[in-house]
1. Need one number: nm distance between label points at Val79 and Ala156, each 7 Å from Cα along Cα→Cβ, rounded to one decimal.
2. Listing Lys114, Lys159 from the residue with the fewest other Cβ atoms within 10 Å to the one with the most, what is the order?
Amino acid sequence: MPEWRANRPAAGLLLATLACMVAVAVAQPVAAGMPGINPMEPAPELIQIEASSASVPAAAHFGYLLEGEDQPGVLASLVFPMVSPLAPASAAGAAAVATVPAVQDEGVPVLEGKWLTQPLLIAGDDAASLQWLARHHAALRAMDAAVMVVAARDEAGFKRVQRAAIGLTVAPVQGAWLTARLMAAGVRVRPVLIGLDGRALRSMPASGGQGEGESRQRQTGGRP
């Protein structure tokens, strides 16, 4: 027992030294340039580790994190301007819009439809996207579509999309994965609608698209 009491100060010093070593080891990567945990700073773009044919955008499921259309701000980590290689239809010209005729007719495959839970409207804050939203708003609500914003000049532009899409899930698209899939399929302009079959269309399907019932069944795994 006397020997243990005599060594207690030495044991405490050893533990303190180990704690300091751990603190330095944790702090070094941050000091070397790795992003620290600061909720006030823009979040770094996520690095895609793996993507298969079964991959679908997850952004639509995080739309509830955004501020409402009548509230200031959008999302702390969102950086403006949001830019996209998909050109606004009004500025792209007839040749660009008609590059892939199937986009206008039966659509072109972009995503694996069986993994989608709702149709996705790919849009921006441009006039063509806003007009398309206004024209087909009722049909989009009926099919429970989500609006994926790929381009917005500033916060005010994003808010315009939110107000035009009132009643729909609206989410920003950060990263190039989705637009790369669209471009690879021949889609060059926005807005474009991706249906529950995974095909991209430049026009609203004659039937109004897959109905709300089918979309809801996919979200709930077929439960009523």
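1. About 2.3 nm separates the two model spin labels.
2. On the way: Lys114 11, Lys159 21.
So the ranking, lowest neighbour count to highest, is Lys114, Lys159.
Computed from the coordinates by the stated procedures, all read-outs in this text should not be read as laboratory data. Quick caveat, the model's predicted, so the values are computed rather than measured. With ideal geometry, Cβ positions are generated from the backbone for all residues, glycine too; neighbour counts draw on all protein chains shown.
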